Protein chains: 2
Amino acid sequence: MITSPSNATIKRFAKLHQKKYREKESLMIIEGPHLVDIARFKGLIHTVFTLDESTESNTVQVSEMVMKKLTKTNHVPPIAAVAKIPKRHTVSSKVLILEHVQDPGNVGTLIRTALAFGFGTVVLDQSADPYSAKVLRSTQGAIFDITLLEMSVMDFKNTYPKHTLIGTDLNGQSTGKKPVEPYALILGNEGQGMKESTQKQCNVLLKIPIKNIDSLNVGIAGGILMHALANTDTPDLKL
Amino acid sequence: MITSPSNATIKRFAKLHQKKYREKESLMIIEGPHLVDIARFKGLIHTVFTLDESTESNTVQVSEMVMKKLTKTNHVPPIAAVAKIPKRHTVSSKVLILEHVQDPGNVGTLIRTALAFGFGTVVLDQSADPYSAKVLRSTQGAIFDITLLEMSVMDFKNTYPKHTLIGTDLNGQSTGKKPVEPYALILGNEGQGMKESTQKQCNVLLKIPIKNIDSLNVGIAGGILMHALANTDTPDLKL
């Protein structure tokens, strides 16, 4: 049992809260039985940490103080783990791109929703770090089944030129033909929306008809658009 | 300028963080320039508190310590206000009912989304308190334009028997005819979904087709369903 937060292993793993160490080690910290179970099932576990005694392999019992240092949450979880960051490089025919989406909850929920509607790749252009604790919690495990890439919209367009780019236009109206795969749906920043320069690169622009308020939460807008793209079989994408 | 958190007025208003005092006084605390501006526009301001000097009426300058006591946020806002809780009792022909939705962010986002799709009434059945700081922040001001009622699904059904009840069924399939107004869409708890006893009361059940994961975030599911109900003009509600 490890009881000291100054233990060398604990100090090394606690550094995984910082992005540069996650990238260097290709490891991340996950919290709670649900995420740990999924990571175990996927063969991605490096080391499991529990408050209770355990006879499982690769499992270390730790004190509450150590668990607190590892997880940095207000409510110390009974179990956490250091897990390998899954490496996937195959880009799917339906892609979601998040451009400057800042809120970890929004990024996590959008990753989960993308998976639900068959968008197998999420591209992050200067958005919240997908392997941070808050994002991991919101993905509910979807992180293990999705290809995550960090690159700009322009780099994506240059690398995958066959993907039709679908943007949103809050002030305009839906323009362009209903896209056929491969395509990439781009969602913009919570406050500013999509960058104008990005909008100009899009082949299709979509607008969700709303009233009374200026805009929808980016997660909600993304959910509605991905649902519509995944399930509309009419020749026009009627929003 | 009020500099002491023990000031009688400040102590009285700080109590508005508790639900029972909000109900007793019909007042709530709102934070940040956006919400204060809307409340001012709607004529719902009781007292404004600012860190900077101000010549506006009903405005009191306070110290940072006092602002902290009033708002209970990590980042002390430059402006906050005590505002009247709007009283509306007219139930709209499209209603959203939240049954045991616990997360303040979900409740706030759903209130904002309801307003965007013309659901003018949100009924809260043992859900997160709509006038708490976190919910107010997520509503982005929609709280001022919506009728909020706290009552159980059964009480709603008995009081408004003409509203068709629409439920969700994650495991089944969509059943029942496309509803005509008046109707009420019911969303259930984040973990458990809708109560089985509530599901049995529903005239229509809807299922959103998803793959790879078990369920959507309740905010996302609500957004997709309200969008579909508000915008589908085909005889069948195709999800």
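A short reminder: the numbers here are calculations on the coordinates, not readings from a lab. All values reported here derive from a predicted model rather than from experimental measurement. Cβ sites come from the backbone with ideal geometry, for glycine too, and all protein chains shown count toward neighbours.
Over the residues of the protein assembly as shown, the helix contribution to mean residue ellipticity at 222 nm works out to -9000 deg cm²/dmol, using -39500 (n - 2.57) for each DSSP H run of at least 4. If you take all other residues with their beta carbon under 9 Å from the beta carbon of B:Gly188, and give Lys and Arg +1 and Asp and Glu -1, the sum is -1.
For A:Val66, neighbours were defined as the other residues whose beta-carbon sits under 15 Å from its Cβ, and their charges (Lys and Arg +1, Asp and Glu -1) total +2. For peptide A:103-115, the mean count of partner chain Cβ atoms within 10 Å of a residue's Cβ comes to 3.
The stretch B:40-55 and the stretch B:153-173 have their alpha-carbon centroids 41 Å apart. Charge tally for B:Gln126 (other residues, Cβ to Cβ under 9 Å; Lys, Arg +1; Asp, Glu -1): -3. With its label point defined 7 Å out from Cα along the Cα-to-Cβ axis, B:Thr47 lies at 5.4 nm from the matching points of the other copies, in increasing order.
Among beta bridges from DSSP that stay inside the stretch B:38-144, the antiparallel ones total about 40%.
Sort A:Thr139, A:Thr3 so the one with the fewest other Cβ atoms within 10 Å of its own Cβ comes first. Ordered by Cβ neighbours within 10 Å, fewest first: A:Thr3, A:Thr139.
Residue ranges B:79-88, A:35-44, B:93-102, B:216-225 sort as B:216-225, B:93-102, B:79-88, A:35-44 when ordered by packing (mean number of other C-beta atoms within 10 Å per residue, highest first). Across all directions, the average projected area of the convex hull around the alpha carbons of chain A is 14.0 nm². Once you order the gyration tensor axes a ≥ b ≥ c over the Cα atoms, which shape class does the stretch A:5-90 get: rounded for a/c under 1.5, otherwise prolate or oblate by comparing a/b with b/c? Oblate, since a/c reaches 1.5 and b/c is not below a/b.
Taken over the protein assembly as shown, the convex hull of the Cα atoms encloses 172 Å³ per residue.
Averaged over peptide A:203-216, the number of partner chain Cβ atoms lying within 10 Å of each residue's Cβ comes to 4.
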